[in-house]
Amino acid sequence: MDNRQEIYNQLKDNEKDIIMYISITILFVYVSCLLLIGSAELKDVYAAASSIAGGVIGGLITLQGVKRTIYAQREITLEGVKATISAQKDFESQKLIPQKLVKLHELDKKIVEFRSDFLVLRIMWKMLEQSKQPSQELVEEIKNYRAFLYELGKKVSIKEYEFVDISSQIDIDTYKKIKWVFDGIEEEIKVIAGNSKFRDLVYKEYKDYKDNEKENLIELVRKLAEQIKELDNQLRKNSDDLESIIPLKLEEYEKEML
């Protein structure tokens, strides 16, 4: 559209130039007539002036026609190049569809594995919910859970790389969805594992706990159970969201292959 407007503007400018050239020609002819009147008959002056004017005007019109032809050819060439580039892009996109289908099936398997990696979270929060009495065993259990959450965070980072590697070979929408899911999971794990109250209590021996700290331990366990339960639910929802993408994308690319 911009190229067409540019060509139109150029043609308009050329028309202005022609009008100016014609005006100059007429003025030139007029002056020439004045100079010739004294030395030639009127009909000869008229014939000479007409010949000059006709030649100049004809030349300008021919030049304008040539320019219009060039501009028209340029526009056709530009449109042809655009069409060629577009067709090449479509062709390259078609070539990649089989690879994208393979990656979608690979992503589907990864999501199933990802879901199974977090089954232990449900066991964790259910066991914590059942903890009613403070004890050394409970403190040790919380320490183990905290260590597990840190290891889980590392595992999530590795999984994220695997998922990103696959999704980046599918399309940008799938990639963005994967990034959004993993960013949320990693942040939630950091919040739970990095809780300062959690850290302060589990690094003390239970025999050194004061009465209020024992009460705090039970409250901490309750909150920890809620957080892990929330993380578990979030992971399940995210897994469902990711799984819902697969059939939609498969259908989309299968249609493009037809």
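Each reported figure results from applying straightforward, stated rules to the coordinates on display, with no laboratory input. The structure displayed is predicted, hence computed values, not measured ones. Cβ coordinates were reconstructed from backbone atoms using ideal geometry, including for glycine residues, and neighbour counts include every protein chain displayed.
Structure above, values below:
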{"quantity": "Distance violations [Cα-Cα > 27 Å] among Lys154/Lys223; Lys109/Lys155; Lys126/Lys159; Lys143/Lys223; Lys143/Lys179", "calculated": "Lys143/Lys179"}
{"quantity": "Sequence of Val139, Val191 once ranked by neighbouring C-beta atoms within 10 Å, starting from the fewest", "calculated": "Val191, Val139"}
{"quantity": "Three-way shape call for the range 118-257 based on the alpha-carbon gyration tensor, with the a/c threshold at 1.5", "calculated": "prolate"}
{"quantity": "Kirkwood Rh and Cα Rg combined as Rg/Rh, the range 100-144", "calculated": "1.33"}
{"quantity": "Pairwise FRET efficiency - Ile218 versus Glu187, Cβ, R0 = 25 Å, nearest 0.05", "calculated": "0.40"}
{"quantity": "Gain upon complete extension [Ser168, Arg236; 0.36 nm per residue less C-alpha separation]", "calculated": "22.2 nm"}
{"quantity": "Amide N proximity, the range 135-166 versus Gln99 label position 7 Å along Cα-to-Cβ, cut-off under 17 Å", "calculated": "164-166"}
